[in-house]
Amino acid sequence: MVLTLYLDPISSPSRAVLALLEFAKIPYERKFISFFDKETKSPAFLQINPLGKVPAIDDSGLILREHEAILRHLVRTREGTKAFLPDDIKVQALVDQYYPFHHFAVRPHVIHYFMGSASLLPDMKIIFKSKKKNIK
Ligand SMILES: N[C@@H](CCC(=O)N[C@@H](CS)C(=O)NCC(=O)O)C(=O)O
C-alpha cells in the first residue's frame, strides 16, 4: 500500500514532508486538502486528523500528523533517507534545535510575506516590502 500524503502546498509543514518524499524518491500519492476552502475541517479529513491540520500521512494504516513526527518516521522506515537525518547525535541535536527556531522565528514572518499580510514586525515589513517589489 503506497503512502498517502495529505497536504496543502501553501502549508510549510506540508512542504517539509513533500520535500523529503521527493528528494528521497519515496513512492507516495498526494491528496490535496485546501486550507482556504476549509477542507482541513471537512468531516472526511477530520477522520484523518481530528485537529483539522495538514500535513498528515497514512502509511499502511498508520495515520500520523505533526510534520516533525512524520519526517522522523520516514527516516526510520525508508531507505535512502539517512542523509536527511544522520545517526550522529550532534547533528540530530542541531536539527532538533532548528525545528522550533523555524516555527517561532522564521515561519511567522515568512508566512505573512507570502500571504501579503501587513502584520509583520516593523523591521521585517521594510525588508519584505522591498523584496516583494523585486519579485514582480
Ligand atoms: N504542528 C503542526 C502544524 C500543522 C499546521 O499548523 N497546519 C496548518 C497549515 S500550515 C493547517 O493545516 N491549518 C488548517 C486550519 O487551521 O484549518 C505540524 O507541525 O505539522
Within segment 50-74, tally of residues that are in contact (Cβ under 8 Å) with a residue 24 or more places away in the chain and part of a helix (DSSP H, G or I): 5
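Just give me the residues in segment 33-45 being within 12 Å of the ligand (Cβ to nearest atom) and either on the phi > 0 side of the Ramachandran plot or surrounded by fewer than 17 Cβ atoms within 10 Å (Cβ to Cβ) (or both), in sequence order.
Matches in segment 33-45: SER34, PHE36, ASP37, LYS38, LYS41, SER42.
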Restricting the search to segment 83-101, which residues are part of a helix (DSSP H, G or I), free of Cβ contacts under 8 Å to residues at least 60 places away in the same chain and not polar (S, T, N, Q)? ALA83, ILE89, LYS90, VAL91, ALA93, LEU94, VAL95, ASP96, TYR98, TYR99, PRO100, PHE101
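From the list LEU7, LEU62, LEU3, LEU20, pick out the single residue that is within 11 Å of the ligand (Cβ to nearest atom) and not hydroxyl-bearing (Ser, Thr, Tyr).
Numbers: LEU62 fails: within 11 Å of the ligand (Cβ to nearest atom); LEU3 fails: within 11 Å of the ligand (Cβ to nearest atom); LEU20 fails: within 11 Å of the ligand (Cβ to nearest atom).
Among LEU7, LEU62, LEU3, LEU20, only LEU7 is within 11 Å of the ligand (Cβ to nearest atom) and not hydroxyl-bearing (Ser, Thr, Tyr).
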List every residue pair whose Cβ atoms lie under 9 Å apart, where the two residues are 6 or more positions apart in sequence or sit on different chains, the first residue falls within segment 29-40 and is over 12 Å from GLY52 (Cα atoms) and free of Cβ contacts under 8 Å to residues at least 12 places away in the same chain, and the second residue, located anywhere, is near the ligand (Cβ under 8 Å from one of its atoms) and in a strand (DSSP E or B). none
Matching residues, segment 32-67, being within 14 Å of LEU18 (Cα to Cα) and hydrophobic (A, V, I, L, M, F, W, C): PHE32, ILE33, VAL54, ALA56, ILE57
Counted residues in segment 46-59 being within 9 Å of the ligand (Cβ to nearest atom) and either at positive phi or of a type outside the set (S, T, N, Q) (or both) come to 6
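Would you confirm whether any residue within segment 13-23 is assigned by TED's automatic domain parsing to the domain that holds HIS67, polar (S, T, N, Q) and in a loop (DSSP other than H, G, I, E, B)?
Within segment 13-23, the first condition is being assigned by TED's automatic domain parsing to the domain that holds HIS67, and the residues that meet it are 13-23.
Checking which are polar (S, T, N, Q) leaves us with 14.
Imposing the further condition that a residue be in a loop (DSSP other than H, G, I, E, B) reduces the set to none.
No: zero hits.
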All conditions in (1) modelled with pLDDT of 95 or more; (2) under 16 Å from the mean Cα position of the chain (by Cα) are true of PHE84 except (1)
Hey, GLU79 hits all of (1) part of a helix (DSSP H, G or I); (2) at pLDDT 70 or above but one; which does it fall short on? (1)
Suppose we filter segment 65-88 for residues that are more than 16 Å from the ligand (Cβ to nearest atom) and among the small types (Gly, Ala, Ser); how many remain? 2
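The values are calculated or read from the model by the stated rules, or taken from the named source; none is laboratory data. All of these numbers come straight from a predicted model, not from anything done at the bench. No Cβ is skipped: glycine too gets one built from the backbone with ideal geometry, and neighbour counts run over all protein chains shown.
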